[in-house]
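Peer 1: I have a structure I would like to understand better, so I am pasting it below and will then ask my questions one at a time.
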Amino acid sequence: MNKVLIAVATLALAACATTPDPQAPKVKITPLGSHDGEFCARDRALVFEDPDGTRILYDAGFTVRGANDPRLGKIDAVLLSHVHGDHLGPGHQPAANAGNCGNPDFSVNVTPNSVTTMVAAGKKAKILAGSDMHTFLAAKVGAAGGDPKLVQLVRFGALVKVGGVSVATVPATHTNAVGPEFLDKPLADMLRAAGLGVDVGPPVGYVLRFSNGLVAYLSGDTGITAEQETTVRRYYKANLVVMNIGGSPFTTGPDESAFVVNELVRPASVIASHANEPATIGGKLVPTSKTAAFQKAAKMPVHVPLSGKTMEFDGSGRCTAGC
Ligand SMILES: [Zn+2]
C-alpha cells in the first residue's frame, strides 16, 4: 500500500515539474526584421528583455532603422557577433517594409559609421564586444556622438553583467575582417585596391544567462565547433539556441545546424536565424525553405522569428507565448 502511495506521489511531483507555471517570469524576445510579420532574407536582429526590464539588442545589421527606430525602445546593451556588413550594418531601410522580403531596400547608407554603433551612441547603451573589436567599435561610437567608454570588452571565458543578465562570449568558426566601406581614406582606398579588409580577431557567439534561469546561446555566424558541446552545453547549459542556418557558402546550413542542436547543444527549443532567404509569406513558413528543412530536421521545437512578434520563454527554455 505504501509503495502505491509513494508511486502516486512521485508521479504527481513529476507532473508538477513538467507543467509550466503561468506566473513564472518570462524573457521576451522580439525580432526586428525588414518586413513586419515575416522572416526575411537579411533578418538577424533580436531584442531580449529580461524580467527585470534589461533590454539587449543582438546583431542589428541592416534591419534596425537607426537609433530612432521606434521598435527599439530602451536599449541597455548592444551585442555584435562580428563586423561583417550584414551584422554591423552599413545602411538601413528608408521606412518599414521597404523593398521586398527577399531583397529589401537598404538605400540609407550610414558608412563609414554603422547601424550598430549609431544605435549604441543614440541609446547611450553599452556595447559588449569580444575579441579585438572593442577599440574599433569605440572609435565609431565616438564618431557617432556617443561615449566610447560604454564599449566594454568581454573576451572568451569572461562574464559581465548588464542588469540581471550575465553575458559571455564563446568561439565561432568564421572570419572577422572590417570592410573598407567602414574605414576612412587613405586606408580604405589602399585596402580596397589590395582586396583586403582589416582583421579584428576571431568572431564570437554569445551566451546570455537571464534572471529567470533561461540560458540562450546565440551562435553568430559559425561552422560546427566542438565548443558547442564542451562550452555551450556542458558548462553554460544553454536551454535555448538562436541558430544561424543560412548555409553555403557562409555558415552551417539546415543539416549542419540540426546536428549542432540535436547532438551538441541539445536545448529545449531553438529560434532559427540568418536564413538568407524569404522564409515566410504572410507569416507562414514556405514549405520548400531552408528554415522549414531545419525545423523538420531538429528534434526540438524550432520557432520562426517573425518581425515584431514577441516570443516569451520560461527559465527552462520553453516558449510559453507568441510562438
Ligand atoms: Zn552573416
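Peer 1: Only strands (runs of 3 or more DSSP E) wholly contained in the range 21-76 count here; list those with 3 or more residues that are of a type in the set (Asp, Glu) and touching a helix residue (DSSP H, G or I) at 6+ places or on another chain (Cβ under 8 Å).
Peer 2: So the answer is none; nothing clears 3.
Peer 1: Right, here's the next one. Quick test for you: out of 138, 144, pick the one residue that is within 16 Å of residue 119 (Cβ to Cβ), touching a residue at least 12 places away in the same chain (Cβ under 8 Å) and open to solvent by 30 Å² or more (accessible area, probe 1.4 Å).
Peer 2: Of the residues listed, the single one that is within 16 Å of residue 119 (Cβ to Cβ), touching a residue at least 12 places away in the same chain (Cβ under 8 Å) and open to solvent by 30 Å² or more (accessible area, probe 1.4 Å) is 144.
Peer 1: Check the range 285-305 and report whether any residue there is assigned to a strand (DSSP E or B) and open to solvent by less than 20 Å² (accessible area, probe 1.4 Å).
Peer 2: Among the residues of the range 285-305, at least one is assigned to a strand (DSSP E or B) and open to solvent by less than 20 Å² (accessible area, probe 1.4 Å), which makes the answer yes.
Peer 1: Now a separate question. Out of all the residues in the range 255-282, which are away from the ligand (no atom under 16 Å from the Cβ), over 16 Å from residue 319 (Cβ atoms) and open to solvent by 10 Å² or more (accessible area, probe 1.4 Å)?
Peer 2: The answer is 255, 259, 262, 263, 264, 266, 278, 281, 282.
Peer 1: Do we have any residue at all in the range 187-209 that's at pLDDT 95 or above, exposed (fewer than 15 other Cβ atoms within 10 Å of the Cβ) and assigned to a strand (DSSP E or B)?
Peer 2: The answer is yes; a qualifying residue exists.
Peer 1: In addition: Mind checking which residues of the range 255-271 are touching a helix residue (DSSP H, G or I) at 6+ places or on another chain (Cβ under 7 Å) and either more than 17 Å from residue 232 (Cβ to Cβ) or assigned to a helix (DSSP H, G or I) (or both)? Steps first, answer last, please.
Peer 2: If we filter the range 255-271 for residues that are touching a helix residue (DSSP H, G or I) at 6+ places or on another chain (Cβ under 7 Å), which is where we start, we get 255, 257-258, 260, 264-267, 270.
Once the filter is applied, which keeps residues that are touching a helix residue (DSSP H, G or I) at 6+ places or on another chain (Cβ under 7 Å) and either more than 17 Å from residue 232 (Cβ to Cβ) or assigned to a helix (DSSP H, G or I) (or both), the range 255-271 yields 255, 257, 258, 260, 264, 265.
Peer 1: Look at residue 90 and say whether it is open to solvent by 10 Å² or more (accessible area, probe 1.4 Å), farther than 24 Å from residue 280 by Cβ and within 15 Å of the ligand (Cβ to nearest atom). I'd like the intermediate steps shown before the answer.
Peer 2: Numbers: open to solvent by 10 Å² or more (accessible area, probe 1.4 Å): yes; farther than 24 Å from residue 280 by Cβ: yes; within 15 Å of the ligand (Cβ to nearest atom): yes.
When the stated conditions are applied, residue 90 passes them.
Peer 1: Sort out which residues of the range 210-222 are out of contact with any His (no Cβ under 7 Å at 6 or more places or on another chain) and either within 14 Å of the ligand (Cβ to nearest atom) or in a loop (DSSP other than H, G, I, E, B) (or both), and write them in order of number.
Peer 2: Of everything in the range 210-222, those that are out of contact with any His (no Cβ under 7 Å at 6 or more places or on another chain) and either within 14 Å of the ligand (Cβ to nearest atom) or in a loop (DSSP other than H, G, I, E, B) (or both) turn out to be 210, 211, 212, 213, 214, 218, 219.
Peer 1: Only strands (runs of 3 or more DSSP E) wholly contained in the range 117-171 count here; list those with 1 or more residues that are among the hydroxyl-bearing types (Ser, Thr, Tyr) and under 17 Å from the mean Cα position of the chain (by Cα).
Peer 2: 165-171
Peer 1: Across the range 21-61, what is the total count of residues that are closer than 22 Å to residue 98 by Cα and at pLDDT below 95?
Peer 2: Result for the range 21-61: 0.
The values are calculated or read from the model by the stated rules, or taken from the named source; none is laboratory data. None of the values given here were measured: they were computed from a predicted structure. Note that we place each Cβ from the backbone using ideal geometry, even for glycine, and neighbour counts take in every protein chain shown. The accessibility values were calculated without ligands, DNA or RNA, using every heavy atom of the protein model including side chains. Shrake-Rupley method; radii C 1.70, N 1.55, O 1.52, S 1.80 Å.
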